[in-house]
Amino acid sequence: MSPSESPSAAPLLQINVHTRGPVVCVEASGMAAAEVASQLTRALQEAAQQRPRVLAVDLTGLAFISSTGL
């Protein structure tokens with residue numbers, strides 16, 4: 001993050017789930033603050049219920065993640 005960027009400039013949380021063959025990927029971007037941690041938890045639980053061979057979690061799009069978000 002550059003000095004001109006701040007976590008508050010990022011959208012709160014965006015979650016995208018993609019399936020390609022045996023892989024389900026949950027991608028999160030924006031900010032994973034305590035207020036939205038349950039959204040990420042729910043998306044991961046729903047992806048896991050599909051019983052994919054591989055469940056990938058991509059957090060590289062997050063500008064901020066709170067300890068609750070972890």
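Being open to solvent by less than 70 Å² (accessible area, probe 1.4 Å) and farther than 14 Å from GLN49 by Cα is the filter here; which residues of the stretch 14-33 pass it?
Applying the first criterion (open to solvent by less than 70 Å² (accessible area, probe 1.4 Å)) to the stretch 14-33 yields 15, 21, 23-33.
Correct list: ILE15, GLY21, GLU27, ALA28, SER29, GLY30, MET31, ALA32, ALA33.
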Only residues that are loosely packed, with under 12 Cβ neighbours inside 10 Å and under 15 Å from PRO22 (Cα atoms): list them for the stretch 34-57, please.
-> GLN49, GLN50, ARG51, ARG53, VAL54
Just for the stretch 34-66: of the residues that are in a loop (DSSP other than H, G, I, E, B) and touching a residue at least 24 places away in the same chain (Cβ under 8 Å), which one is farthest from the chain's Cα centre (by Cα)?
-> ARG53
Does GLY61 qualify as being open to solvent by less than 60 Å² (accessible area, probe 1.4 Å) and on the phi > 0 side of the Ramachandran plot?
-> no
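The values are calculated or read from the model by the stated rules, or taken from the named source; none is laboratory data. Note that the coordinates shown come from a computational prediction; the quantities given were computed from them, not determined experimentally. Using ideal geometry, Cβ is built from the backbone for each residue, glycine included, and neighbour counts are taken over all protein chains shown. Accessible surface areas use protein heavy atoms only, side chains included; no ligands, DNA or RNA. Shrake-Rupley method; radii C 1.70, N 1.55, O 1.52, S 1.80 Å.
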